[in-house]
1. Inside region 359-369, can you point out the residues that are within 22 Å of VAL312 (Cβ to Cβ) and open to solvent by 30 Å² or more (accessible area, probe 1.4 Å)?
2. Quick check on HIS198: is it surrounded by fewer than 19 Cβ atoms within 10 Å (Cβ to Cβ) and either in contact with a His (Cβ under 8 Å, 6 or more places away or on another chain) or not β-branched (Val, Ile, Thr) (or both)?
3. Any residue in region 230-248 that is in a helix (DSSP H, G or I), over 21 Å from ASN120 (Cβ atoms), open to solvent by 10 Å² or more (accessible area, probe 1.4 Å) and of a type in the set (A, V, I, L, M)?
4. Which residue is nearest to the chain's Cα centre (by Cα), if the candidates are limited to region 214-229 and must be of a type in the set (A, V, I, L, M, F, W, C) and open to solvent by 10 Å² or more (accessible area, probe 1.4 Å)?
5. Please tell me if LEU334 is modelled with pLDDT of 95 or more, assigned to a helix (DSSP H, G or I), touching a helix residue (DSSP H, G or I) at 6+ places or on another chain (Cβ under 9 Å) and surrounded by 21 or more Cβ atoms within 10 Å (Cβ to Cβ).
6. Mind listing just one residue for me: the one in region 303-331 that is assigned to a strand (DSSP E or B) and open to solvent by 10 Å² or more (accessible area, probe 1.4 Å) and, of those, farthest from TYR385 (Cα to Cα)?
7. Look through region 126-160, keep the residues that are in contact (Cβ under 8 Å) with a residue 60 or more places away in the chain and in contact with a Ser or Thr (Cβ under 8 Å, 6 or more places away or on another chain), and return whichever of them is surrounded by the most Cβ atoms within 10 Å (Cβ to Cβ).
8. Write out, first by first residue and then by second, each pair whose Cβ atoms fall under 7 Å of each other, whose residues are 6+ apart or on separate chains, and whose first residue, in region 39-58, is among the aliphatic types (A, V, I, L, M) while the second is open to solvent by 50 Å² or more (accessible area, probe 1.4 Å).
Amino acid sequence: MRYDFDKLTDRRGVGSLKWDVPERELPMWVADMDFETAPEIVEALRNRAEHGIFGYSVVTPDWYEAYLSWWGRRHHLEMEQDWLIFCTGVVPAISSTVRKLTTVGENVLVQTPVYNIFFNSIRNNGRNILESPLIYDGENYSIDFADLEEKLANPQTTLMLLCNPHNPVGKIWERETLARIGELCAKHHVLVLSDEIHCDLTDPGHEYVPFASVSEVCRDNSITCFAPTKTFNIAGLQTAAVMVPNPVIRHKLNRGLNTDEVAEPNAFAIGATVAAFQKGEAWLEELRAYLYENKQYVRRFAEEKLPGIKVVPSQATYLLWLDCSGVTEDAGELTAFIRRDSGLYLTEGEEYGSCGRQFIRLNAACPRERLLEGLKRLERSIKKYEEEQGK
């Protein structure tokens, strides 16, 4: 391999959110990889830093071209430059959308279990969270379309937050599924915001489908959020894009992003994005292969040594959704016990909705040596938990 994903980089002492934990703890929670970003991006940042002046920045033409080229080449989505708006992050874009394109007291629909920050963007802005739980058959997830349409038909429901690919279950939504979602939302006058930040982190041999590429109906009734930040592990650089083909919706959202002061780049945001999409493809392909092997490693470990844990199959993201129902129905209690006992810091599934109560989310994006250490801690803690529970 050209790139070294086995390198154990010490992330303590640099202000890392993930690693701001006691010395004994091993964090495998927040969606932040323990790999150094592509050296091509580091070189671009170094060159910019060496310039020595960090005044106000603008969005340059090569930023637009980087997005258009990447999504056209890798994801078969033909965009126009005018559709794109810079934003400092996907979450700020979601919150701005909620504020600008819905009204206080209206419903924003989410498909749970889902990325927990969706709830914050809705609740903190005075809107109602409306859950349409996914169907879990003991192995895979699917959409309950009867429930979904019933809730979309509610006149108070005006926005749907779609997670594509889906976090935390790692699901890539099929084209037919997305088309049906788009048709139902258009029928009931519900705008779709598709969060596609994990789109490049698919397993080798798998491709995601951009919501806006499915049909004219989907394209003209949607807002899509993209970013290089998850893919290339540069979230701290605060750089993302919002794609809005519909000019009326785009005008409203553009005003919302500017009102919220999240539409201006810092001195490193543009150059890092351009370097990622223009020069980071080889790094990404090696990363995808490494992540896939990590995920397979977790599955094999669970099958051999964690009989009460089932790893839900996924095709995307580096996050694994662990069904703990063979150990306990209260995975929150189990997660807290594991952290106290072995220092392994995971995320309890109930953060992603009440239907996540029996699950734990594990971040497998780290060097394999670190992953193995985390799994060994998990094994020891679960054995001890079961002993204390009398199992």
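1. Pass one, region 359-369, residues within 22 Å of VAL312 (Cβ to Cβ): 359-366, 368.
Across region 359-369, the qualifying residue is only ARG368.
2. Numbers: surrounded by fewer than 19 Cβ atoms within 10 Å (Cβ to Cβ): no; either in contact with a His (Cβ under 8 Å, 6 or more places away or on another chain) or not β-branched (Val, Ile, Thr) (or both): yes.
Here the answer is no, as HIS198 does not meet what is asked.
3. Filtering region 230-248 for residues in a helix (DSSP H, G or I) gives 230-232, 235-237, 247-248.
Those still in the list that are over 21 Å from ASN120 (Cβ atoms) too: 231-232, 237, 247-248.
Among the residues that remain, those that are also open to solvent by 10 Å² or more (accessible area, probe 1.4 Å) are: 237, 247-248.
Subset that is of a type in the set (A, V, I, L, M): 237, 248.
Yes.
4. Here is the first cut: in region 214-229, the ones of a type in the set (A, V, I, L, M, F, W, C) are 214, 217-218, 223, 225-227.
Subsequent filtering for residues that are open to solvent by 10 Å² or more (accessible area, probe 1.4 Å) retains 214, 217.
Numbers: VAL214: 21, VAL217: 25 Å.
By that ranking, first place goes to VAL214.
5. On the way: modelled with pLDDT of 95 or more: yes; assigned to a helix (DSSP H, G or I): yes; touching a helix residue (DSSP H, G or I) at 6+ places or on another chain (Cβ under 9 Å): yes; surrounded by 21 or more Cβ atoms within 10 Å (Cβ to Cβ): yes.
Taking the combined requirement at face value, the residue satisfies it.
6. Residues of region 303-331 that are assigned to a strand (DSSP E or B), as a first pass: 310-311, 316, 319-323.
Within this subset, residues satisfying the condition of being open to solvent by 10 Å² or more (accessible area, probe 1.4 Å) are 310-311.
Numbers: LYS310: 17, VAL311: 19 Å.
The selected residue is VAL311.
7. Checked region 126-160; the qualifying residue surrounded by the most Cβ atoms within 10 Å (Cβ to Cβ) is LEU159.
8. Cβ pairs passing all conditions: LEU45/PHE268.
The values are calculated or read from the model by the stated rules, or taken from the named source; none is laboratory data. Predicted, not measured: the structure shown is a model, and the values here were computed from it. Note: ideal-geometry Cβ built from the backbone for every residue, glycine included; neighbour counts use all protein chains shown. These accessible areas exclude ligands, DNA and RNA; they are computed on the full protein's heavy atoms, side chains included. Shrake-Rupley method; radii C 1.70, N 1.55, O 1.52, S 1.80 Å.
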